[in-house]
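Reviewing the structure listed below.
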Amino acid sequence: MILIGERINGMFKIVKEAIAAKDKKVIQELAKKQTEAGAAYLDVNVGTAAADQEAAMQWLVESIQETCSTPLSLDSQKPNVIAAGLKVINAENGVILNSSPLNKKSDDEILDKYMEMANNAGPKSCIIALTMDKNGVPQDIDTRVAIAAEIVSKAMEKGFGTERLLIDPIILPVKVPDAQVQPGNILSAMDQIRLLAEPAPMMTIGLSNLSQGTTERSLINRIFLAMGISRGLDSAIVDVLDTALMNVVATAEMLMNKQIYSDSFLKIYSKTS
């Protein structure tokens, strides 16, 4: 499973303060710890931590790359911020551009821009595309699948390989009124989206969104991630520093015959074992 470490995000207080103070040590330590815990990519999200998001994205990328070679996931719905990060990134091992909706009211061609940037970054670059359009985040299965179909169609028209697409059906906080139906909707949408092309687009989720505001965040995240893996989930943006969560990933993949059993199967993602 492609695990994307979520912790280098300006929404976290420690990261926001590090960006403001230009404290490389905090960022580099987070990069190192997440890599050792099993992250295949490190998500890099300025969030609202800086007025100049382009400069902050470049500073984050450069700070990480000074001490860590783990591929990065540049996370912004602003193409100019992604472009700034790509100017200083080493994309030899791949890069993920996270994330673009199909379109939005202020930019009908945003997905085209992300595909162009990904192509310019090299053949190992991928895009996380959201099942979201100018009308916002869909609440039902059919609309999610319809938007995903448009994303896949546009990628095929542009010659962008569907194997380089990670479709994010956008999981919503379960605590929000009437949102408990959404986890089931996500799983059902995934079942249909993977049939849209051959090769199938990959499926990913921003796992922590599910448990926002709840008192049992890790438990909720763990259970749904196991459910997703059982339905063929390929990737997730997660807190790889949550040991219990990582144990669930390793166990679920072993039980789904995606990893060979050994007595040390829980260490499959650890870079320090």
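The values are calculated or read from the model by the stated rules, or taken from the named source; none is laboratory data. As the structure is a prediction and not an experimental result, all values here were calculated from the model. When we count neighbours, we look across all protein chains shown, and the Cβ atoms used for this are built from the backbone with ideal geometry, even at glycine.
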Which numbered condition residue 193 misses (of (1) touching a Leu at 6+ places or on another chain (Cβ under 9 Å); (2) at pLDDT 95 or above): (1)
Residue check for residue 32: at pLDDT 95 or above, among the charged types (D, E, K, R) and touching a helix residue (DSSP H, G or I) at 6+ places or on another chain (Cβ under 6 Å): no
Residue check for residue 55: aliphatic (A, V, I, L, M), outside any helix (DSSP H, G or I) and within 23 Å of residue 107 (Cβ to Cβ): no
Answer residue from the stretch 198-223, given it is among the small types (Gly, Ala, Ser) and surrounded by fewer than 20 Cβ atoms within 10 Å (Cβ to Cβ) and is nearest to residue 165 (Cα to Cα) among those: 200
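Every residue, every condition in (1) in contact with a helix residue (DSSP H, G or I) (Cβ under 8 Å, 6 or more places away or on another chain); (2) at pLDDT 95 or above; (3) among the basic types (Lys, Arg), yes or no:
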| position | (1), (2), (3) |
| --- | --- |
| 222 | yes, yes, yes |
| 226 | yes, yes, no |
| 230 | yes, yes, no |
| 233 | yes, yes, no |
| 236 | yes, yes, no |
| 240 | yes, yes, no |
| 244 | yes, yes, no |
| 251 | yes, yes, no |
| 255 | no, yes, no |
Selection count where residues are of a type in the set (Val, Ile, Thr), over 26 Å from residue 94 (Cβ atoms) and in contact (Cβ under 8 Å) with a residue 40 or more places away in the chain, scope the stretch 158-187: 1
Subset tally (residues that are over 14 Å from residue 152 (Cβ atoms) and within 17 Å of the chain's Cα centre (by Cα)) for the stretch 189-225: 13
Close pairs from the stretch 12-39: first over 20 Å from residue 237 (Cβ atoms), partner of a type in the set (Phe, Trp, Tyr) and assigned to a helix (DSSP H, G or I), Cβ under 7 Å, at least 6 apart: 22/59
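Suppose we filter 20, 31, 39 for residues that are assigned to a helix (DSSP H, G or I) and buried (at least 23 other Cβ atoms within 10 Å of the Cβ); which single one remains?
That would be 31, the only listed residue that is assigned to a helix (DSSP H, G or I) and buried (at least 23 other Cβ atoms within 10 Å of the Cβ).
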Some residue of the stretch 74-86 being polar (S, T, N, Q), without any contact (Cβ under 8 Å) to a residue 12 or more places away in the chain and assigned to a loop (DSSP other than H, G, I, E, B): no
